[in-house]
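What follows is a set of notes on a single structure, which appears directly below.
The values are calculated or read from the model by the stated rules, or taken from the named source; none is laboratory data. Quick caveat: nothing in here was measured; it's all calculated off a predicted structure. Counting neighbours? That spans all protein chains shown, and the Cβs are built from the backbone with ideal geometry, glycine included. These accessible areas exclude ligands, DNA and RNA; they are computed on the full protein's heavy atoms, side chains included. Shrake-Rupley method; radii C 1.70, N 1.55, O 1.52, S 1.80 Å.
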Amino acid sequence: MNKATTTNVFYLKKTTSSECDNNKQFGISKEVIREFFGVPETGNTHVRFKGCISGEDFLAEIQTATDPRLGNAGIREFLQKEGGVETGDYILFTKLGDKSFSVEVIKQNTEEYKCYSKLFISNTDKHAAFFTDRGNEVFATSTPSTQTPTQIIFYGVPGSGKSHSIKKELVEKGITDLKEQTKRVVFHPEYTNADFVGQILPQSSDGGKTISYPFVPGPFTQILAKAYTHQNTHYALIIEEINRGNAAAIFGELFQLLDRLDEDEIDSSNEVAYTKGWSSYSINNDNINKSIQEAYENFKSDSNFEPFINKEIFDTYKLNIGIRLPPNLSIFATMNTSDQNVFKLDNAFKRRLELKLIPNKFNNEPKEINQRDALVESFDFTWNNFREAVNSIIIAPDNSIDISSFADRQIGCWFTKAIKKDEKYIIEKEVFVHKVLEYLWDDVCNGDIGIFFNENYKSFAELVEDVIEKGITDIFSENLKGKLSQNKPE
């Protein structure tokens, strides 16, 4: 199909059932009559249509804005030569010059129709869209991005491998330059929205004579600006321990950006069409907007500068553009289930981010085998032998111990890491005592040391002295010793 070359603007009209009645006129809005067809407020004008399929010319009269209609009776005959028009079909008018336009009927059973459906914006009952063509593309976001964003929270017991799972996701997304392509933050009780988004801070110059108050972008704004300006590169915001901070307060209004457009969904604002992967809704934030504009200036000489919204259009928005998450920006978070009572992550977050439980078990990869079979120094059991024995007590069905979220306090596979020593993998004695046993004593036993330890111990300091200085290893409760014996590998 020979299609006319687009120059300035095009008008995409969706036909209604009444317009397909031969006794009815094709209605068009006053805005389109004035701005697209160039008809003044009063009077009328003649315009020339050229068929894309038939190649024929048609001279039609466009009426005044007070009597909006498309052409005259001859327009129907002309459209029939272009393949005919039915209810719901699109008519594509492309401006070729002053009072000269090409016309094409886009039928509903074509691939072209599917493409234009992603661009089409219905003006309520007018059923029409009027677009401005900037350079070689109508919208920088009109073609669906090849990038697919991921929003996921990896959760599990301490040491189950949540951060390792994120590393695997980054590789799958093609994120290899962690310094340039990621921003990593850790939520905690004192972390705020200002820390996350950015804040206005005083800055001195001229030896302290001049004080300015610029906006200093936070990690969220920094990674967002990079994503906006490099559409073919994937970026990731990584949030460690998302439930250790007040996530709702930290995100603030950014929360609504977590809803993303699905396949075949489209939303528009400021002449830009947003498709799959973009946030479904936008927020207005002058400081974030300014940071994105500065990124446009900073990266415009970069060979990898590939903005979603081209520079000319973006400049016209100034501070009015609605901020959204682009398709090339993913969010990964970790959540330690043993800390879930620090700040409870509400269901609104859980609905917008995928949740994935990291199984607390080893696989047969060499690295995991080395960790699983590592000997605990000075003791006669392996790391996995001890871990399984402890966890079997924690999750016992008849567990009557009054500890909140007790099952979530299991020991993960990677709670502590083995090292290679004398050609063998071991868990060092000091690390085992001060990290693993201390965790059981303070965080799991909750005062009832008889769960795992010999009740003769009155303090953890006594236990440390016995193991580290005296070499005593008979420190566990009879119950745990029995479990260690049962779980001991052949």
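Descriptive notes on the structure:
- Among the residues here, Ala73 does not qualify as modelled with pLDDT under 80 and buried (at least 20 other Cβ atoms within 10 Å of the Cβ).
- On the stretch given as region 458-474, residues that are buried (at least 16 other Cβ atoms within 10 Å of the Cβ) and without any contact (Cβ under 8 Å) to a residue 24 or more places away in the chain total 2.
- Of all residues making up region 264-283, the number that are modelled with pLDDT of 70 or more, charged (D, E, K, R) and in a loop (DSSP other than H, G, I, E, B): 2
- The lone criterion from (1) closer than 16 Å to Phe381 by Cα; (2) open to solvent by 60 Å² or more (accessible area, probe 1.4 Å); (3) not basic (Lys, Arg) left unmet by Leu484 is number (2).
- Pick from region 35-55, criterion assigned to a loop (DSSP other than H, G, I, E, B) and more than 47 Å from the chain's Cα centre (by Cα), ranking: farthest from Gln80 (Cα to Cα): Thr42
- Residue in region 395-405 that is closer than 27 Å to Ile250 by Cα, under 35 Å from the mean Cα position of the chain (by Cα) and either at pLDDT below 85 or open to solvent by less than 10 Å² (accessible area, probe 1.4 Å) (or both) present: yes
- Tabulated pairs, region 237-252, first under 16 Å from Gly218 (Cβ atoms), second β-branched (Val, Ile, Thr), C-beta under 6 angstrom, 6+ apart or interchain: Leu237/Ile223; Leu237/Ile331; Ile238/Thr182; Ile239/Val185; Glu240/Val186; Glu240/Thr334
- Hey, Glu241 charged (D, E, K, R) and surrounded by fewer than 18 Cβ atoms within 10 Å (Cβ to Cβ) or not: no
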